[in-house]
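Since the structure comes first, as structure tokens, the remarks are kept for the end.
Every number in this text was worked out from the coordinates using simple rules, so none of it is lab data. Because the structure is predicted, anything quoted here is derived from the model rather than measured. When we count neighbours, we look across all protein chains shown, and the Cβ atoms used for this are built from the backbone with ideal geometry, even at glycine.
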Amino acid sequence: MPRFDALIRDCRACTLAPGQGWGLIDDAVIGWCDGLLAFVGPREQLPGEAVGADTRVYPGNGALVTPALIDCHTHLVFAGERVAEFEQRLEGASYAQIAQAGGGINATVLATRAASEDQLLAQSLPRARALLADGVATLEIKSGYGLELEAELRMLRVARRIADILGISVRTTFLGAHAVPPEYRGQPDDYINRLCSHMLPAVAASGLADAVDAFCEGIGFTPAQTRRVFARAGELGLPVKLHADQLSDLGGAALLAACKGLSADHLEYSNAEGVRALAQADCVAVLLPGAFHCLRETRKPPVADLRAHGVAIAVATDCNPGTSPLLSLRLAMALACNTFGLTALEAVLGTTANAAHALGLADRGRLLPGLRADLALWDIAHPAALAYWLGGAGAIQVFSAGEPRLGNSVCG
Ligand code: DI6
Ligand code: FE
């Protein structure tokens, strides 16, 4: 056993160890070194030689410690907001109608293009801070409001800067195929040509994107256009994920599975064949109840079928200015339980282990020796309470790679 750099004592650990449900350990000690967990177990099993005079000791004061949460689907870098559209939708306009009238995603595209990198950062950072305060230490952020190379790269740079400033992990996704930009209106194939020939290679060369996503939908891109984007991403060595079957069944889940993608997200209209394909290809189903809620959708994702086929289910905020202005991953969990019928354990696995899987990350999402010391401390008695409260106090402290990241004095 190596000497710990730091440990938390007097806590209750929720390890989520495979096959053990919550994997609760009372009166636990969690020790780590070099940012990786070295020991998670009951105090009486703590090896004496692991604690040295220079080991930092954090008093847990009885807190519940879970793996830090992972939000595996967000669009939180953008400029402006769309409160007026929210009011239009309350008066009966549909999301598709607003998009067809030139609003929707394109309204945010105009605002984002007009913003400097620093302005974009200043507007986006508070949203990332809100998620961090809610227990999140790994965050996926998509581009997709630039829709031309420079503005897309600017969004991705802002996402990377957020990681540096907050000291948390950010995985970036290039979502150039989010909408047809205004200058290509009526010519989606020309835009996809441009995206495949110029934008994707430049984004890949920049090293600013960890994955590629697309919006396969009537108001987005066709399956054929999506396949072209994915084929090019594959050539460039970038993994893919998909906004699939959110508003209609275009066979998105099966398409993603055929491309051996990381995750298919939304899935309200997915068919049985798509679910089977996700299971066979070991793709994660990412549920986004915030968008379901805000769009007042009535068709639910096929949770029972996903379960029956053993598809790993994740839950994310989809934080975006149009369909899911949601800044709490715990609230996404509560919505996933109360609206989609997930169990509390499924919701917590969906924002930890399965969310890591959805990002292709094998080094986090549970409290096991060898994994990253990414931890969230909570003032709750049982982890099911993470999916129970609607709002209220966030995490007491969040550690990323063994360092406290919330600017408060608790365990800091
Ligand atoms: N589906 C969504 O729910 C978001 N993007 C997408 O492809 C909405 C993005 C927006 O309306 O700004
Ligand atoms: Fe989304």
Residue span Ser206 to Glu403: 0.36 nm per residue of separation minus Cα-Cα distance leaves a gain in nm of 68.1 nm
Note on region 324-412: alpha-carbon gyration tensor, axes a ≥ b ≥ c; rule is a/c under 1.5 for rounded, else prolate if a/b larger than b/c, else oblate; result oblate
Hits in region 229-268: amide N under 16 Å from the 7 Å Cα→Cβ extension of Arg299, namely 243-255, 265-268
Per residue, the convex hull enclosing the alpha carbons of region 163-257 has a volume in Å³ of 119
Taking Cα atoms only, helix 329-340 is inclined relative to the longest principal axis of the chain by an angle, in degrees rounded to 10, of 70
Output ordering of 113-120, 314-321 (per-residue mean of other Cβ within 10 Å, highest first) is 314-321, 113-120
Where a ≥ b ≥ c are root eigenvalues of the Cα gyration tensor, a/c under 1.5 meaning rounded, otherwise prolate if a/b exceeds b/c and oblate otherwise, region 73-204 counts as oblate
Hits in region 295-328: amide N under 18 Å from the 7 Å Cα→Cβ extension of Trp389, namely 327-328
If each part is reduced to its alpha-carbon centroid, region 142-167 and region 15-59 end up apart, in Å, by 36
Dividing the helical contributions, -39500 (n - 2.57) per DSSP H run of n ≥ 4, by the residues of the chain yields a 222 nm value, nearest 500 deg cm²/dmol, of -9500 deg cm²/dmol
Between Glu117 and His198, the two model label points (7 Å from Cα along the beta-carbon direction) sit apart by a distance in nm of 2.0
Length gained, His309-Glu91, 0.36 nm per residue minus C-alpha separation, equals 74.5 nm
FRET efficiency (Ala84, Val57; Cβ distance; R0 56 Å; to 0.05) is 0.60
